[in-house]
Amino acid sequence: MARFGETGAGSQVSRLRAALGDGASIERAGAGYRILVDPQDVDASRFERLAGEGRSALADGDAGRAVVLLREALQLWRGPALADLPESGTDQAAAVRLEEHRLGAREDRIEAELRLGEHHGAVPELRELVARHPLRERLAGC
């Protein structure tokens, strides 16, 4: 006779806890389990925070700080948003939102680079983005 934790979901949770270490917080959620993580341990959350700080720095006239923050935010990307998740309406909507936010962060970074006189690096990327997004007024205006 198997005890809880030796087979089934309990066994999987035990293995997950062992793999993640003592700091892992796993709780029951409905018929399954949920891992609780600090939002700053999730790339999407870190990206959104850094991109927001970069946009604020740009709005405040600090193009140098904006470039640093926006580059750091954009370096977190490794392909399309949420590409490893199975397709669902909720996931697709979140992926579209993140991709739009990424494009906005790229626009902000390019604007900051242009303000700093870094035209040589910004122009090739700007041309590529204008070709892919010809109706984006902000890109066309740069």
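Of all residues in the range 26-37, those that are surrounded by 10 or more Cβ atoms within 10 Å (Cβ to Cβ) and closer than 14 Å to Gln12 by Cα total 5.
Restricting attention to the range 86-98, report how many residues are modelled with pLDDT under 85 and either within 14 Å of the chain's Cα centre (by Cα) or in a helix (DSSP H, G or I) (or both). Summing the residues that are modelled with pLDDT under 85 and either within 14 Å of the chain's Cα centre (by Cα) or in a helix (DSSP H, G or I) (or both) in the range 86-98 gives 4.
The set of residues from the range 24-78 being assigned to a strand (DSSP E or B) and either touching a helix residue (DSSP H, G or I) at 6+ places or on another chain (Cβ under 8 Å) or among the acidic types (Asp, Glu) (or both) comprises Ile26, Glu27, Gly32, Tyr33, Ile35.
Quick grid of which residues meet (1) in contact (Cβ under 8 Å) with a residue 40 or more places away in the chain; (2) surrounded by 13 or more Cβ atoms within 10 Å (Cβ to Cβ); (3) farther than 12 Å from Gly52 by Cα:
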position: Ala73; (1), (2), (3): no, yes, no
position: Gly79; (1), (2), (3): no, no, yes
position: Leu82; (1), (2), (3): no, yes, yes
position: Pro86; (1), (2), (3): no, no, yes
position: Ala93; (1), (2), (3): no, no, yes
position: Val96; (1), (2), (3): no, no, yes
position: Glu99; (1), (2), (3): no, yes, yes
position: Asp108; (1), (2), (3): yes, yes, no
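Of the residues making up the range 45-71, those that are among the aliphatic types (A, V, I, L, M) and either open to solvent by 70 Å² or more (accessible area, probe 1.4 Å) or closer than 30 Å to Ser11 by Cβ (or both) number 2.
Filtering the range 34-55 for residues that are within 22 Å of Glu137 (Cβ to Cβ) and within 11 Å of the chain's Cα centre (by Cα) leaves a non-empty set.
The values are calculated or read from the model by the stated rules, or taken from the named source; none is laboratory data. All figures in this text were calculated on a predicted structure; none of them were measured in a lab. Please note: Cβ atoms are built from the backbone with ideal geometry, for glycine as well, and neighbour counts cover all protein chains shown. The protein model used for the area step is the full one, side chains on, heavy atoms only, and it has no ligands, DNA or RNA in it. Shrake-Rupley method; radii C 1.70, N 1.55, O 1.52, S 1.80 Å.
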